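Remarks on the structure that follows.
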Amino acid sequence: MANRKKNKGGNSKLHGKYYNCPDYVLNAIGNAVKTYETLKKEEIANDKPVEGYKRAKGILENKKIEYKQLKRIKNFFDNFKGNQNEPSFVLNGGVEIKNWVNDELRKMRDYLKNTKTNKMNAGMMNQFIDPHEKKDFTNVRPSQEHSKTVDKYNPSVNESVKRINELISKI
């Protein structure tokens with residue numbers, strides 16, 4: 001069974017990586033933030049901003065976006081069931097950003113897949129399977145050792161084999 005402690009979900013090779021946001025993405029998010037801030041000053045002052053506001057501000061400050069943020073934005077758009085004019089939808093970038101996020105994630109996954117496929121085509125072993133860790137047998141008690149199926153379920157077979165061997169050796 002897989003070791004779940006190491007499983008981060010998504011594509012583990014992409015975790016922790018940052019990607020530059022194109023200007024049109026920054027412009028769309030910047031316009032959405034400005035519009036939201038002028039219309040909803042009370043919500044911001046009361047520390048109850050709409051979902052996506054803090055993320056949008058962070059993206060504008062850094063001009064970069066982390067892989068896990070891309071995944072969160074994709075998840076938001078995939079599960080959004082409201083009107084496209086709602087502040088949360090607009091602050092997450094709207095349809096333009098939704099398409100950019102989906103395209104970027106697809107390109108990232110395709111790049112890794114193509115790299116592994118090319119290595120396999122060059123003669124390397126299956127790159128889609130992670131190498132297994134070697135099992136540690138130093139901690140096995142004698143009571144846990146497995147016996148042969150023949151010994152376990154039919155002890156008389158062993159006796160019969162011994163008897164046959166004795167008869168053969170006498171001939």
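Quote the convex hull volume per residue of segment 18-121, based on C-alpha atoms, as a whole number of Å³.
Taking only Cα atoms, segment 18-121 has a hull volume of 103 Å³ per residue.
Gain in length, Thr35 to Arg163, computed as 0.36 nm per residue apart minus the alpha-carbon separation, to one decimal in nm?
On the way: separation 128, 0.36 × 128 = 46.08 nm, distance 9.29 nm.
Extra length available between Thr35 and Arg163 comes to 36.8 nm.
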- Note on the structure: Scoring segment 18-121 by relative contact order with C-alpha pairs under 8 Å, at least six apart, yields a percentage of 37
- Message: If amide hydrogens are placed 1.01 Å from N in the peptide plane, which non-local residues have theirs closer than 5 Å to the one on Lys13?
- Response: none
- Task: Apply the Karplus parameterisation 6.51 cos²θ - 1.76 cosθ + 1.60, with θ equal to phi minus 60°, to every residue of segment 110-121 and state each ³J(HN,Hα) to the nearest whole Hz, in sequence, with x for glycine and proline.
- Result: 5, 4, 5, 5, 5, 4, 5, 5, 5, 5, 5, 5
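Here is the link list: Lys54/Lys113; Lys57/Lys116; Lys13/Lys63; Lys54/Lys116; Lys54/Lys81. Which ones come out longer than 30 Å on Cα distance? The partial results should precede the final answer.
Working: Lys54/Lys113 33 Å; Lys57/Lys116 36 Å; Lys13/Lys63 22 Å; Lys54/Lys116 37 Å; Lys54/Lys81 21 Å.
The answer is Lys54/Lys113; Lys57/Lys116; Lys54/Lys116.
Calculated FRET efficiency, Asn85 and Arg109, Cβ-Cβ r, R0 41 Å, to nearest 0.05? Mind dumping the intermediate values first?
Values: r = 31 Å, r/R0 = 0.76.
In this case the efficiency is close to 0.85.
Would you kindly state how much longer the chain becomes between Ile171 and Phe128 on full extension, computed as 0.36 nm times their sequence separation minus their alpha carbon distance, in nm to one decimal? Write out the running numbers ahead of the final one.
Values: separation 43, 0.36 × 43 = 15.48 nm, distance 5.73 nm.
Contour length minus the Cα-Cα distance gives 9.8 nm.
Read-outs throughout are calculated quantities, based only on the coordinates presented, and are distinct from any laboratory measurement. None of these values were measured; they are calculated from a predicted model. With ideal geometry, Cβ positions are generated from the backbone for all residues, glycine too; neighbour counts draw on all protein chains shown.
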